[in-house]
Amino acid sequence: MGEGERFQLGTVGALSLSVVSSVSIVICNKALMSSLGFHFATTLTSWHLLVTFCSLHVALKMKFFEHKPFDQSAVMGFGILNGISIGLLNLSLGFNSVGFYQMTKLAIIPCTVVLETLFLGKKFSRTIQLALIILLLGVGIATVTDVQLNALGSILSLLAIVTTCVAQIMTNTIQKKFKVSSTQLLYQSCPYQAGTLLISGPFLDGLLTDQNVFAFKYTNQVLAFIILSCLISVSVNFSTFLVIGKTSPVTYQVLGHLKTCLVLAFGYVLLHDPFNWRNILGILIALIGMVLYSYFCTRESQQKANETAAQPFQVVEGESDPLLNAENGNGGLTDAVVPKAPVWNSNKDLHA
C-alpha cells in the first residue's frame, strides 16, 4: 500500500472515529443532563480532559507514543485558549436562545475561512465556498429556531467564535510547525486545558444553573454515566486533534455539522425527540453540501498531487533552479494530529 493510500485510509479512520465517539458522547451526556439533572457542563469537560491526560500518560509509560517536548509557551497559550473557548461557548449558550447559539456554531466556518485567508494565505475555491454555503444553509434550516438577541449574549458569542477558530487553526499549525503528532500535542496541552476549566468550571456552572456542583447528589447511576462520558471523551479528544491535523479546521467544522445532523436523527429514532419537515429538509440540504465539499476537496487534492508528480520531470527537462527540488522535498508534515435543547447540547461533542 502506497503512502498516499495509507494517508487516505488514516484520514477516513480519523473521521469515522470522530463521528462515532462524538455522537456516542452526546447521547451519553443527554441522558446524564436531561434525565439525571447533572447540568454542570464545564466542570464535566474538565473531568474529561483530566481522564484524557491520565490515559495518555499511561500510554506514554507503555511506550505507545514518544514524548516530544517543544516550545512550552506555545503549548501553554494553546491549552489555555482551548479552555477559554469551551467556557465561552457554554456561556454563550447560557446567555442566548438555543437558536442564536446554533447561529454562533454556524458562524465558526466562515470565520475560520476568513482568518485562514487573511493570515495564512490559504485559498478556497468557488466550488468549495459554494459547498460550504449549501452546508450552512441546511444546518441552519434543521437547527435554528428562535433567534433572540441581547448585548451580553452577542458579545460572548463573538468571543466564543473567535477563540474557537483561533484554537482550531493553532491545532493544525502547531502540529506542522513543530512536527509533533496529535497525541503528543494533546498530551502536553491537556493539563493547561483541564486546569483552566477546573478553576473556572464550578463558577461558570453555578452562574448558569444556580446550583453547586459540589452539593449535587451523586447517585450510583449518575456516577456510572459520568465515568462512561469520561471514557468516551478520551476518544473524542484524540480524534479531534487527529482530524484537524490530518485535514483542516474547516473540514473539522464540516464534520461537526454532520454530527449535529446525526444527533438529530438518532434523537428522533432512539429517543423519540420532536422532529418536523424543517429538520428533514435541513438535514438533506446539509448532506448535499457535505457530499459536494468532500467531492471538491478530493478533486482538488488529486489535481495538486498530479501537479506535484509532474514537477520533477519538468525540472529535469528545463534544468531549472535546484532550489525548486529542495522546496518540493520539504513538504508540510501530514502526521496525525466538544447540540442542546436543554444544557446537554453545549458543544461537548466538539470539546469533550
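The values are calculated or read from the model by the stated rules, or taken from the named source; none is laboratory data. Predicted model only: the values in this text are computed from it and were never measured. No Cβ is skipped: glycine too gets one built from the backbone with ideal geometry, and neighbour counts run over all protein chains shown. These area figures cover heavy atoms from the full protein model, side chains too; ligands, DNA and RNA do not enter into them. Shrake-Rupley method; radii C 1.70, N 1.55, O 1.52, S 1.80 Å.
Ordered from highest to lowest accessible area with the whole protein assembly present and a 1.4 Å probe, H57, H257, H39 read as H57, H39, H257. Protection proxy ranking, highest mean first, for peptides 281-287, 86-92, 21-27: 86-92, 21-27, 281-287, where packing is the per-residue count of other beta-carbon atoms within 10 Å, averaged. Using a cutoff of 8 angstrom between alpha carbon atoms and counting only pairs six or more residues apart, the relative contact order for the stretch 126-281 works out to 41 percent. Taking a threshold of 20 Å on the Cα-Cα distance, which of the pairs K61/K176; K105/K177; K105/K304; K30/K259 fall above it? Flagged as over cut-off: K61/K176; K105/K177; K105/K304. Remark: the stretch 83-191 carries a charge dipole of roughly 500 debye about the Cα centre, counting +1 on each Lys and Arg Cβ and -1 on each Asp and Glu Cβ.
For the peptides 60-67, 258-265, the ranking by mean Cβ contacts within 10 Å, running from highest to lowest, is 258-265, 60-67. Would you work out if the stretch 174-230 is rounded, prolate or oblate? Take a ≥ b ≥ c from the square roots of the eigenvalues of the alpha-carbon gyration tensor; rounded if a/c is under 1.5, else prolate when a/b is larger than b/c, oblate otherwise. Oblate, because a/c is 1.5 or more while a/b does not exceed b/c. Between E307 and V291, residue separation times 0.36 nm minus the direct Cα-Cα distance comes to 3.3 nm. Rounded to the nearest 20, the size of the Cβ-charge dipole of the stretch 186-317 about its Cα centre is 160 debye, with Lys and Arg at +1 and Asp and Glu at -1. In the complete set of protein chains, residue-level accessible area for Y218 is approximately 80 Å², probe 1.4 angstrom. At a 1.4 Å probe radius, carbon and sulfur cover how many percent of the accessible area of the stretch 222-302? Using a 1.4 Å probe with all protein chains present, the stretch 222-302 comes out at 76 percent carbon and sulfur. Accessible surface of the stretch 65-130, 1.4 Å probe: 70 percent of it comes from carbon and sulfur atoms. Scanning residues 5 or more positions from K122 or on other chains, those with amide H under 5 Å from its amide H are T117, with H placed 1.01 Å from N in the peptide plane. Taking a ≥ b ≥ c as the square roots of the eigenvalues of the alpha-carbon gyration tensor, the stretch 93-158 is classed oblate because a/c is 1.5 or more while a/b is no larger than b/c. 3J(HN,Hα) couplings calculated from phi for the stretch 148-162 with the Karplus curve 6.51 cos²θ - 1.76 cosθ + 1.60 (θ = phi - 60°) are, in sequence order, 10, 9, 8, 4, 4, x, 5, 5, 4, 5, 4, 5, 5, 4, 5 Hz; Gly and Pro show x. In the context of the full set of protein chains, the stretch 1-106 has a per residue accessible area of 42 Å² (1.4 Å probe).
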